[in-house]
Amino acid sequence: MRALIRNIVLPVHRWTALTVGLVVLWMALTGLGLLFESQLEPAVDGSLDTVAACRTPQSLDELLARARAAHPAGALRLVGIEGSATRTTWVRFANGDTVYLDPCTGRVAGELNKYRGVFGTLEYLHRLEFLSGADHAVAGTVALTFALVIVIGGIAIWWPVSLKGLRWSITFATRPAGRARLMRIHRATGFWVCLIVLCSALTGPLDSFHWYQRAIAAVTDSAPSGSQQEAAAVGVAGPRLSLQALWQRAQRVTPDPQEALLLLPKAPAAPVELDIIERSAPHHQAVSFLYLNPFSGRVLAFEPYGASSLANQVVAWGIAIHSGQAGVPAQMALLVGVLGILVLGYTGLSSYIRRRAGTGRDRANARPAAVGA
């Protein structure tokens, strides 16, 4: 077994770390900037998000018209409605451009693409959107490769054969110096952060691959969210209801939500979808799904988060943990994990460079002796 690890697992771990691992370091650094977004965003984007308290907001149709006047080009995609009287209502277009409006006066508070600004740029870089586009396939593949090859392979390489070896592997050492010390730090750091790092890596692809979510549904023996399939297309039946009327209908189903996203249908006969975060939601990914008939306002399907399947709740918690939305303890654990990844990257790369440099010196010293012989 040790020969297998030395001859196969170790080289694969090393070369994957020297290639995919560099991308992981990039994602760790950008993820570090996103980790405390919920606490820092009011200070960074307060001028866009915060307005004077509003008790009698304008209708969504009026706000949508003002957003269209401020941004004439592009297809409308969704409206974000906040459950606080001091938060703006925002309208997003297909290209990600977002117009923020005072819900009382209709004043345009500002405009910003979802991948611009401090946190938008960090998310764009973290998700590798410049490579993978909207499907996040590259970022998800990197995360899975990191989890399965680098982390799990590293655990197999680290695994001690005795209790004495365990104590040696989990303690940090200042001696000996050089490459040996780097490897001691590398091994000990890997032990203390491996579970956090593995959790982060395995939750990263949750919103990248549908097959990943289906696998979780199979493991938990429960079905993924099915409301979208239940809300089939409806026949065209007269004029569509106003957005305000649809929103009022949604409020009768889920009164006083924290936040709601009203997705504008692309086809005339498509149902109107609302992604709603209720007041009782445990985190920001605990979404309840509501589908309405755009002509009658009739509820076509409703799946509250609390009544959704185990698979749906596992996926939601996973995404919340990965994105730093599961509370301060989870954020602090992820902070330790990110710092651990940076230490692992530094010690692993430095050790490899010193090893290669030492091999080169040995070869250079061997040449004169071979010639003299």
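Please treat every number below as a calculation from the coordinates, not as lab data. Fair warning: this is a prediction, and the values are worked out from it, not measured in the lab. Here the Cβ is made from the backbone with ideal geometry for all residues, glycine too, and neighbour counts use every protein chain on show.
If the label point is 7 Å along Cα→Cβ of Arg279, which residues in region 89-114 have backbone nitrogen under 16 Å from it?
none
Let me check I've understood the local charge: for Leu241, count other residues with C-beta under 14 angstrom from its C-beta, Lys and Arg +1, Asp and Glu -1. What total comes out?
+3
Would you please give the FRET efficiency between Arg181 and Leu112, computed as 1/(1 + (r/R0)^6) with r the Cβ-Cβ distance and R0 = 45 Å, to the nearest 0.05?
Given R0 = 45 Å and the Cβ-Cβ separation, E is 0.45.
Hey, in the chain, which Cys have no second cysteine's beta-carbon closer than 4.7 Å?
Those would be Cys194, Cys199, since no other cysteine Cβ in the chain comes under 4.7 Å of theirs.
Most exposed first by the Cβ proxy, i.e. fewest other Cβ within 10 Å, how do Arg116, Arg356 rank?
By the 10 Å Cβ count, ascending: Arg356, Arg116.
Mean Kyte-Doolittle of at least 0.0 and a Cα length of 30 Å or more along the axis: which whole DSSP H helices of the chain meet both?
10-34, 179-203, 328-372
If each residue of separation counts as 0.36 nm, what is the full-extension length gain between Trp211 and Val161 once their alpha-carbon separation is subtracted?
Between Trp211 and Val161, full extension yields 14.3 nm more.
Taking the inverse of the average 1/r across all pairs of different Cα atoms in the chain, what Kirkwood radius in Å do you get?
For the chain, inverting the mean 1/r across all distinct Cα pairs yields 23.9 Å.
What nm distance separates the two modelled labels at Ala357 and Leu29, each placed 7 Å from Cα along Cα→Cβ?
2.1
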